Amino acid sequence: MAVMNLRKVAVIGCGFVGSSSAFALMQSGLFSEMVMIDSDHERAEGEALDISHGMPLARPMRIYAGGYDDISDAAIIVAAAGANQKPGETRLDLVKKNAAIFKAIMPEIAKRKFRGVILVVANPVDILTYIAAKYSGLPSKRVIGSGTVLDTARLKYLLSEHLGVDSRSIHAFIVGEHGDSEFATWSSANVSGVPLYDFCRMRGHTNFEEATRRIESEVRGSAYEIIRRKHATYYGIAMSVKRICEAVIRDEKSVLAVSSVMDDVFGVQDVALSMPAIVGKDGIEDLIPVRLSVEEQRKLHDSAEIIKGVIRDAL
């Protein structure tokens, strides 16, 4: 059995998301070795070569195109393989195409006795995270989906613009499906410990319900707007991949809204969706018992049922 190399990452899938994630990881300094894998090996070679040419301007790193035999000693596998979301297509529309791809990839990972963390990035991420946990043979805590990390970042960005405050001081999450049924945890949202509603009043904003509806709708529609304009989203998710990898490699125990298989969270189980979780070197350590209102709990159950329905069709 290969000894795990904590400075090695594997990226499976070299499309826009995979290659952008690889680029962000090269710049991060987290890793000294990166293998890029794609069904189109020449594409992987081209991306590896292109990114490698930037190393004299960054940090030394070995970047190369490889195969599944190269993943056995990696600390993290970024699973970004799959079809792109097209204009007018929802994330859930992608499920059957990308589920088939993941069902082929995960047994290959299992065969190599991989002992690190799988980070699922391809969409629909919740369904693919569930499939990865089912077919990889890994403990579910070591299979993480990028989930609503990016959606949560979008929420913080829009709130920071609305309130005129540093987005890093805002503590709020988007949870549930990474998709149309996701929702914001307004009941527990705060700015440096001050409840969001109180902070809004302090900053002169009194129409709280209208503002939160508008911001939540903008978050939910962000990907569609970007895809309409430039046909794909990849920079924001690449930054999310880098952030999650930081939490794992540095054992930061950071709280991130990643996707994972639920085990009786507010009565939700046997489905992958996003809830705030402590992320460290072994993947997910614990889920955070974030406070949800009765209405938010209903939304969580509704989101879970939507995902379960799609999983039944995909599997």
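Read-outs throughout are calculated quantities, based only on the coordinates presented, and are distinct from any laboratory measurement. Small disclaimer: the values here were computed from a predicted structure and weren't measured. All Cβ positions, glycine included, derive from the backbone under ideal geometry; neighbour counts span all protein chains shown.
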(message) Among Val120, Val290, Val241, which one shows the highest mean-square fluctuation when the chain is modelled as a Gaussian network with alpha-carbon springs under 10 Å?
(response) Val290
(request) Mind checking the range 40-106 for GluC sites (Glu not before Pro) that DSSP puts in a loop (not H, G, I, E or B) and that have at most 16 other Cβ atoms within 10 Å? (result) Glu89
(request) May I ask for the distance between the Cα centers of the range 157-228 and the range 30-99, given as a whole number of Å? (result) 32 Å
(message) If each DSSP helix of 4+ residues adds -39,500 (n - 2.57) and the sum is divided by the residues in the chain, what number results at 222 nm, nearest 500 deg cm²/dmol?
(response) -14000 deg cm²/dmol
(request) Under 13 Å Cα to Cα from Lys113, which aspartates and glutamates show up? Leave out anything in the same chain fewer than 8 places away. (result) Asp69, Asp70, Asp73
(message) Suppose every Lys and Arg Cβ carries +1 and every Asp and Glu Cβ carries -1, with no other charges. What dipole size does the range 149-314 come out with about its Cα centre, to the nearest 20 debye?
(response) 640 debye
(message) Just to be sure I understand: with springs between alpha-carbon atoms less than 10 Å apart, which residue in Gly283, Gly145, Gly29 has the highest mean-square fluctuation in the Gaussian network model of the chain?
(response) Gly29
(message) Quick check on the range 123-224: take the gyration tensor over C-alpha atoms, sort the square-rooted eigenvalues as a ≥ b ≥ c, and tell me if it's rounded (a/c under 1.5), prolate or oblate.
(response) prolate
(message) Cut-off 10 angstrom, C-alpha nodes, Gaussian network model of the chain. Which of Ala189, Ala104, Ala153 fluctuates the most?
(response) Ala104
(request) Report, for the chain, the % of DSSP beta bridges that are antiparallel, rounded to 5. (result) 50 percent
(request) Assuming a ≥ b ≥ c are the square roots of the Cα gyration tensor eigenvalues, decide whether the range 149-314 counts as rounded (a/c under 1.5), prolate (otherwise, with a/b larger than b/c) or oblate. (result) rounded
(message) Please list 3J(HN,Hα) in residue order for the range 214-226, calculated via the Karplus relation 6.51 cos²θ - 1.76 cosθ + 1.60 where θ = phi - 60°; whole Hz, with x for glycine and proline.
(response) 5, 5, 4, 5, 5, 4, 5, x, 4, 4, 4, 5, 5
(request) Once you've got the Cα coordinates, tell me which of Lys134/Lys156; Lys134/Lys299; Lys8/Lys96 are over 28 Å apart. (result) Lys134/Lys156; Lys8/Lys96
(message) Quick check for me: using +1 on Lys/Arg Cβ and -1 on Asp/Glu Cβ, what's the dipole size of the chain about its Cα centre, in debye to the nearest 20?
(response) 340 debye
